[in-house]
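What follows is a single structure, written as structure tokens, with notes after it.
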Amino acid sequence: MADKRYHYLFIEPYYGGSHASFLIGLQAHLDCDCTVLTLPARKWKMRMQLAAPHLAEQVINLVREGLHCDGILASTFIDVAVLRALLSKNGIHLPIGMYFHENQFAYPTRLQDRGQHQFAALNFTSALCADVLAFNSTYNLHTFLAGISRYLKKAADMSLDNSVADIRAKSVVLAPGMDFTDLDSCAVHKQSKQKPVIIWNHRWEYDKNPDVFFTTLMRLSKQGLQFDVIVLGESFRDIPEIFPLAKAQLAQHILHFGYVRDRQKYYKLLTQGTIAVSTAIHEFFGLAMLEAVRGGVCLWYQTGYRIRSFFQLPIGMPLTSLKRSWQVLLPAINK
């Protein structure tokens with residue numbers, strides 16, 4: 001009797017960036033059949049609230065048309081409790097796994113977002129209803145469990161003491177795989193440079209703290225320091241005001257400014273860099289910075305940056321040391 005070939009359903013209501021890369025990698029390397037249901041990467045709050053009934057209807061229709069699945073893997077941008085209830089109501093009973101690229105208990109919010117707690121609560125109830133949970137980093141798992149503990153202290157006379165232990169018991173840390181084949185093929189021999197090429201390769205959103213990055217470069221430019229800048233990363237409808245301002249004020253330094261969809265072109269630009277900077281408030285994983293390391297680019301990040309667990313030594317330095325270290329860095333790069 002031949003071994004059974006499994007068929008899994010992947011559900012991603014926010015298909016972009018690291019979420020898309022993760023699913024593309026899974027499909028390429030897993031020895032199973034996959035059906036993928038996605039929505040574009042926008043309006044994440046509405047995705048968390050309404051993706052479940054929308055995508056549950058699609059799953060129900062697929063099953064009625066004859067699709068057989070052995071399980072579902074979903075991201076945190078869907079309400080698993082609602083998804084599971086709607087499927088069960090229609091006679092569909094499948095194990096559900098969740099992959100946490102991030103968690104809303106630890107996600108930085110702009111100013112004081114009073115509505116943020118509802119999305120953290122959705123993460124919590126989804127985790128309760130899923131069969132297995134995977135987190136992209138230990139930091140992600142630990143902050144999620146700590147956030148639940150803080151949240152449950154508000155439960156007053158409702159006893160939910162076992163919830164944290166139950167969630168911990170079905171959780172694993174599973175870093176997303178990264179395929180460096182295309183990146184390695186784009187590696188260039190770095191010519192000795194008179195000035196460094198500084199890389200920004202992050203989303204154009206406030207949690208990446210672009211104001212600190214660009215205002216620092218503007219100050220350095222006014223002080224006469226020589227450098228070039230390559231600005232990459234995905235942008236969305238609401239772009240922080242600092243980006244068009246920086247494009248104008250740093251024009252003499254800019255080699256490239258904007259999102260690059262083609263990965264080969266992106267990697268060629270990335271590997272031109274000498275320094276990749278992150279001013280992010282924190283990272284759950286830090287895929288962009290790990291790509292930069294693989295491409296032979298030095299890292300600079302703010303104190304407290306959460307990429308340390310991937311390296312044996314604490315690397316990087318705060319941005320306040322950028323000017324002071326300029327003359328030390330250049331000879332080391334050019335060796």
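Could you count how many residues in region 10-27 are touching a strand residue (DSSP E or B) at 6+ places or on another chain (Cβ under 9 Å) and modelled with pLDDT under 90?
Restricting attention to region 10-27, the residues satisfying the condition of being touching a strand residue (DSSP E or B) at 6+ places or on another chain (Cβ under 9 Å) are 10-16, 19-20, 22-23, 26-27.
Filter again for modelled with pLDDT under 90, leaving 16, 22, 26-27.
So the count comes out to 4.
Among the residues of region 1-38, those that are surrounded by fewer than 18 Cβ atoms within 10 Å (Cβ to Cβ) and more than 22 Å from the chain's Cα centre (by Cα) comprise Met1, Ala2, Asp3, Lys4, Arg5, Tyr6, His7, Asp31, Cys32, Asp33, Cys34, Thr35. Selection of first residues in region 263-278 that are more than 15 Å from Trp200 (Cβ to Cβ) and of second residues that are assigned to a helix (DSSP H, G or I) and among the hydroxyl-bearing types (Ser, Thr, Tyr), restricted to Cβ pairs under 9 Å at least 6 apart or on distinct chains, gives the following pairs, ordered by first then second residue: Gln264/Ser185; Tyr267/Ser185.
Filter region 26-70 down to the residues that are of a type in the set (A, V, I, L, M) and in a loop (DSSP other than H, G, I, E, B), then identify the one that is nearest to Glu205 (Cα to Cα).
First, pick out the residues of region 26-70 that are of a type in the set (A, V, I, L, M): 26, 28, 30, 36-37, 39, 41, 46, 48, 50-52, 55-56, 59-60, 62-63, 67.
In the following step, the residues that additionally are in a loop (DSSP other than H, G, I, E, B) were identified as 30, 41, 67.
Numbers: Leu30: 32, Ala41: 13, Leu67: 39 Å.
Once the filter is applied, the top-ranked residue is Ala41.
Count of region 1-25 residues, restricted to those that are part of a loop (DSSP other than H, G, I, E, B) and not acidic (Asp, Glu), is 6.
Exactly one residue out of Ala74, Ala85 is without any contact (Cβ under 8 Å) to a residue 12 or more places away in the chain and of a type in the set (Gly, Ala, Ser), and it is Ala85. Every listed requirement among (1) farther than 21 Å from Phe285 by Cα; (2) out of contact with any helix residue (DSSP H, G or I) (no Cβ under 6 Å at 6 or more places or on another chain); (3) surrounded by fewer than 16 Cβ atoms within 10 Å (Cβ to Cβ); (4) without any contact (Cβ under 8 Å) to a residue 60 or more places away in the chain is met by Ala51 save one, (3). Restrict the check to region 274-286 and report whether at least one residue is among the charged types (D, E, K, R), assigned to a helix (DSSP H, G or I) and either modelled with pLDDT of 75 or more or under 22 Å from Pro176 (Cβ atoms) (or both). No, every residue in region 274-286 fails to be among the charged types (D, E, K, R), assigned to a helix (DSSP H, G or I) and either modelled with pLDDT of 75 or more or under 22 Å from Pro176 (Cβ atoms) (or both).
The values are calculated or read from the model by the stated rules, or taken from the named source; none is laboratory data. Everything numeric in this text was worked out from a predicted model, so none of it was measured. Don't worry about glycine lacking a Cβ; one is built from the backbone with ideal geometry, like all the others, and counts go over all protein chains shown.
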